[in-house]
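Here's the structure we're looking at; comments come further down.
Just so it is clear, none of the values below were taken in a lab; they were calculated from the coordinates. Source: prediction; values computed, not measured. So basically every Cβ, Gly included, is an ideal-geometry build from the backbone, and we count neighbours across all protein chains shown.
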């Protein structure tokens, strides 16, 4: 067949075939020559090949680390609701125990060894706190004010071990920010922050029940429902102020007692 009669595709295939045969023949010839070459020639060739490989490997860009996909909005909501649910506690009167329904619900704050809930006339001074793991621990009101009641535990009380929520300052809240809550009846609700004032945090949440907590997408505590109006929360900053006041009062009392002796 005349080579001039070949098409472009056939010419390309012919060129590839010739190059392949040439490469194979060159490799065979090189190996054969190295087998009969002096030792110093073989060592020199090996060094050149190794150096070439090292140079090419160093110049090659490093493989980019594989990054885990960012969590979806649904994953964040589910995780935040789960964290909120783990911290929900039931508050019983110590006088009647669990023979009567729970007086209220509250939020456990492990770091402070305390339970925070909205202030109510029915809250007992001495209470029995039921945790989600089924355990019961005695507690008493350690501080109250500005619509919040804080229960504290004895120093030797054994409490559940879990991650403590961050109590958000009102200045860090943004209008339109997602807010999540688990109602007293166990139903989950979502809404947004609609207004923030010195009185508290206004949201579009429905009535979630007095003392129920509301969190952001990271599970941080925004506030607790006062029960005064649907969606109105007493801010977590109020809880922080009460906890700090409790700590300060205790420290002052300890210092005063020590000074007397």
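Annotations
- Relative compactness, segment 64-123, computed as alpha-carbon Rg over 2.2 N^0.38 Å: 1.73
- Note on segment 88-152: semi-axes of the ellipsoid equivalent to its C-alpha gyration tensor, largest first and rounded to whole Å, are 16, 14, 10.
- Extension gain, residue 16 to residue 28: 0.36 nm times the residue separation minus the Cα-Cα distance gives 2.5 nm.
- Kirkwood hydrodynamic radius of segment 90-222, from the reciprocal of the average inverse Cα-Cα distance over all distinct pairs: 15.6 Å.
- Chain lengthening between residue 111 and residue 144 when straightened (0.36 nm per residue, less Cα-Cα): 10.0 nm
- Note on residue 187/residue 125: beta-carbon distance plugged into 1/(1 + (r/R0)^6) with R0 of 45 Å gives a FRET efficiency of 0.90.
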